[in-house]
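Q: Structure incoming, see below.
The values are calculated or read from the model by the stated rules, or taken from the named source; none is laboratory data. Please read all numbers here as calculations on a predicted model, not as lab measurements. Please note: Cβ atoms are built from the backbone with ideal geometry, for glycine as well, and neighbour counts cover all protein chains shown.
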Amino acid sequence: MTESIASMVELARRALANAYAPYSRFRVGACVRAESDRLYAGCNVENAAYPITQCAEATAIGALVAGGDRRILEVVILTEGTEPCAPCGRCRQQLAEFARPDARIHLCGPEGVRATTTLGELLPLAFGPDTLGRPGT
């Protein structure tokens with residue numbers, strides 16, 4: 001694991017420790033690397049009204065936007081489960097708003113990176129800003 005990925009995994013691990021998941025007990029931490037090379041972490045935040053639960057990736061994207069960045073180059077998603085956990089469909093769509101298809105997505109567990117893929121592999125034929133005739137942000 002490269003030093004830059006290790007830093008992202010550590011930030012995702014810290015975020016996971018703060019996850020609010022009293023209903024599913026499935027804690028997730030995420031970290032995104034911006035084009036500026038800044039790192040933004042997030043965790044899942046559940047709600048008794050389940051449809052308004054916020055995923056870790058969405059929290060990290062919100063931090064990225066609040067921090068003034070607009071382009072994601074790389075993503076780490078960290079869970080405590082035994083299998084790699086890819087982003088849900090909603091998060092894939094949210095990532096597509098800020099990342100190009102070649103953005104690397106690292107699926108991690110407590111031991112580190114378990115699998116690496118790209119956003120394009122996770123969301124082929126994505127609907128995004130280019131679909132609307134508006135090049136990416």
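Residue-wise test of (1) of a type in the set (D, E, K, R); (2) more than 16 Å from LEU73 (Cβ to Cβ); (3) out of contact with any Asp or Glu (no Cβ under 6 Å at 6 or more places or on another chain); (4) at pLDDT below 95.
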site: PHE98; (1), (2), (3), (4): no, no, yes, no
site: PRO101; (1), (2), (3), (4): no, no, yes, no
site: ARG104; (1), (2), (3), (4): yes, no, no, no
site: ALA115; (1), (2), (3), (4): no, yes, yes, no
site: THR118; (1), (2), (3), (4): no, no, no, no
site: PHE127; (1), (2), (3), (4): no, yes, yes, yes
site: ASP130; (1), (2), (3), (4): yes, yes, yes, yes
site: GLY136; (1), (2), (3), (4): no, no, yes, yes
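Q: Which of the following residues is within 21 Å of ALA19 (Cβ to Cβ), acidic (Asp, Glu) and in contact with a strand residue (DSSP E or B) (Cβ under 8 Å, 6 or more places away or on another chain): GLU80, GLU111? It would help to see each step written out before you state the result.
A: Numbers: GLU111 fails: in contact with a strand residue (DSSP E or B) (Cβ under 8 Å, 6 or more places away or on another chain).
From the options GLU80, GLU111, the qualifying one is GLU80.
Q: Is the stretch 17-31 home to any residue that is more than 9 Å from the chain's Cα centre (by Cα) and buried (at least 21 other Cβ atoms within 10 Å of the Cβ)?
A: yes
Q: When the stretch 1-42 is examined, which residues are found to be assigned to a helix (DSSP H, G or I) and either charged (D, E, K, R) or out of contact with any Gly (no Cβ under 7 Å at 6 or more places or on another chain) (or both)?
A: Hits for the stretch 1-42 are GLU3, SER4, ILE5, ALA6, SER7, MET8, GLU10, LEU11, ARG13, ARG14, ALA17.
Q: List pairs: first in the stretch 114-137 and closer than 23 Å to ALA86 by Cα, second of a type in the set (Asp, Glu) and at pLDDT 95 or above, Cβ under 6 Å, 6+ apart or cross-chain?
A: Close Cβ pairs satisfying both conditions: THR118/ASP102.
Q: Looking only at the stretch 53-84, which residues are farther than 24 Å from GLU3 by Cβ and more than 11 Å from the chain's Cα centre (by Cα)?
A: THR53, GLN54, VAL65, ALA66, GLY68, ARG70, GLY81, THR82, GLU83
Q: Which of the residues spanning the stretch 20-42 are touching a Lys or Arg at 6+ places or on another chain (Cβ under 7 Å) and within 17 Å of ARG90 (Cβ to Cβ)?
A: ALA21, the sole residue that qualifies.
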